[in-house]
Amino acid sequence: MTELMEIGARNAAIQLRGVGKSFGAHKVLTGIDLDIGRGERVCIIGPSGSGKSTLLRCMVFLETYDEGEIHVEGRLLGYSVEGGVRKRDADVQVAAVRRNVGMVFQQFNLWPHMTALGNVGAALRVVKGLPRAEVDRISREALATVGLAHKADDYPQRLSGGQQQRVAIARALAMSPSILLFDEPTSALDPELVGEVLEVMRKLAGQGMTMVVVTHEMGFAAEVADRVIFMDGGRIIEQGPPSRLFSNPQSPRLAQFLDTWRSRNHSGSAS
Amino acid sequence: MIDLTALAEFAPAIWRGLLVTVEICAVSLMLGLVLGLVVALLGRLPFRPLHWLIRGYVEIWRGTPLLLQLFILYYGGPSLGFTPSAYLAGVLGMSLYTGAYLSEIFRGGFDAVPPGQIEAARMLGFTRLKTVRHIEVPQMLKLVVPPTTNQMISIIKESAVLSVITVPELTLTTTRIVSETFNVVEPYLLLGLAYWSITSLVAFASRRVERRLVQA
């Protein structure tokens, strides 16, 4: 059994061991152990300030971590160990380790000086150096995946928030990642635009994409996630399949979190 | 009354002065533009001593009169073993002066690019240099055209002080005509018209550039 777990860990898409992080004197992550399996869909929930976004950002080294180890597809992320001493990697090495990981941000972060197609194709052109025709083909394909083939020539400011986020997803997809991270992808959206983004994410989940999603969308988590992780105070408090976690929370903090969410959602659902 | 025959008489000399002003301004503004961009880019490197050096440059060159800087270059240069021609001192002085102002404008333009856009580029594998070139510079340029134009127009007008280090540009030429002929109104009218033509051209060109950048 332990042997099987070991093999599982080595095959993990992302593996975290004892990960900790502080902002100055403030400890934002403590002792995080987590394996994200290949093809697994993991949702991270928790109150704001619980460290869930920081954890996600650590998984791609957009934030450095101070303690523990993070392995992405078996390779140590962000640091090299030489003679027992840990040394921070250069940006190029970090980029190499996380090259199969795509990221979708809360604020979309599209580049306003490029069209939707330009945004999606930029990395193919600039980073991969693909010929123009191929860039165009892959970009249009990615835009079609998120249902925005007809918006290829529009600039981001002419698109709705939901469309912008879908372009951002297409931009990540164009680089054919094996792992996609989502940092509160629907939190900046008007309520009526959330659905179209979740629909695209559902589609990706159905295609076997490894996904880690920091979200407040409990419905989405319940429906799509293989595993839900509840964080509070920089720690993983509880995790498990959504059916168990949502119906039978073990920790009082999760129970309270779910209660708050339910009462807020019921009073709000009339609108 | 304005004497048209007098105008015709001064016009060729003033035209030559105009060409000198245009030439010096064009060269200095171009060099200043490049210098400002280089300084702004260097300021983004995570290297403290460089930041102090840049701060020092900007504060000194922006904080003292162009006239004084030209004096030091042209009249003070020889005692330091550097004897520039009036023309060279003029171009050098104006370029350094322009660079100090423009580097600050460009720095502001870079700072205005949201960090999230840079993170997005990094996550897609852009190197630092490629992020600057493809994400930061294009957006910075769009933001800085109006303030840069203002600054350039202001510096073109300030180029009049080149007359005190004997560069035969517009103002010096005109002042000589005035003192030789005792005609005051016509030469100065022409002088004003000449500066206004140059600055209008710059303003026109900048609007064209701005339109193209906004479309792109």
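Residues in the range B:100-117 that are within 10 Å of chain A (Cβ to nearest Cβ) and crowded, with 19+ Cβ neighbours inside 10 Å were compared, and the one that is farthest from the chain's Cα centre (by Cα) is B:117. Just one of the listed residues (B:186, B:169) is more than 14 Å from every other protein chain (Cβ to nearest Cβ) and within 23 Å of the chain's Cα centre (by Cα), namely B:169. The residues of the range A:214-250 that are among the small types (Gly, Ala, Ser) and outside any loop (DSSP other than H, G, I, E, B), listed by number, are A:219, A:221, A:222, A:240, A:243, A:247. Screening residue A:53 with (1) assigned to a helix (DSSP H, G or I); (2) among the polar types (S, T, N, Q); (3) facing chain B (nearest Cβ under 9 Å) gives one miss only, at (3). For residue A:224, the conditions (1) more than 17 Å from residue A:50 (Cβ to Cβ); (2) touching a His at 6+ places or on another chain (Cβ under 9 Å) are fulfilled apart from (2).
Of all residues in the range A:82-109, which are closer than 26 Å to residue B:45 by Cβ and either of a type in the set (S, T, N, Q) or within 11 Å of chain B (Cβ to nearest Cβ) (or both)? Matches in the range A:82-109: A:90, A:91, A:92, A:93, A:94, A:95, A:96, A:98, A:99, A:103, A:105, A:109. Given the structure, is residue B:133 more than 19 Å from the chain's Cα centre (by Cα), modelled with pLDDT of 90 or more and surrounded by fewer than 19 Cβ atoms within 10 Å (Cβ to Cβ)? The answer is yes for residue B:133. Listed by first and then second residue, the pairs linking a residue in the range A:101-126 that is on the phi < 0 side of the Ramachandran plot to a residue that is part of a strand (DSSP E or B), with Cβ atoms under 6 Å apart and 6 or more places separating them unless they lie on different chains, are A:101/A:179; A:102/A:180; A:103/A:181; A:104/A:182; A:105/A:183; A:106/A:183.
Considered as a group, the residues in the range A:121-166 that are of a type in the set (S, T, N, Q) and away from every other protein chain (no Cβ under 13 Å) include one that is surrounded by the most Cβ atoms within 10 Å (Cβ to Cβ), and that residue is A:163.
The criterion of at least 1 residues that are over 28 Å from residue A:52 (Cβ atoms) and out of contact with any His (no Cβ under 7 Å at 6 or more places or on another chain) is met, among helices (runs of 4 or more DSSP H) falling completely within the range A:117-213, by A:132-145.
The values are calculated or read from the model by the stated rules, or taken from the named source; none is laboratory data. Just so it is clear, the structure is predicted and the values come from calculations on it, not from any experiment. All Cβ positions, even for glycine, are placed from backbone atoms using ideal geometry, and neighbour counts span all protein chains on display.
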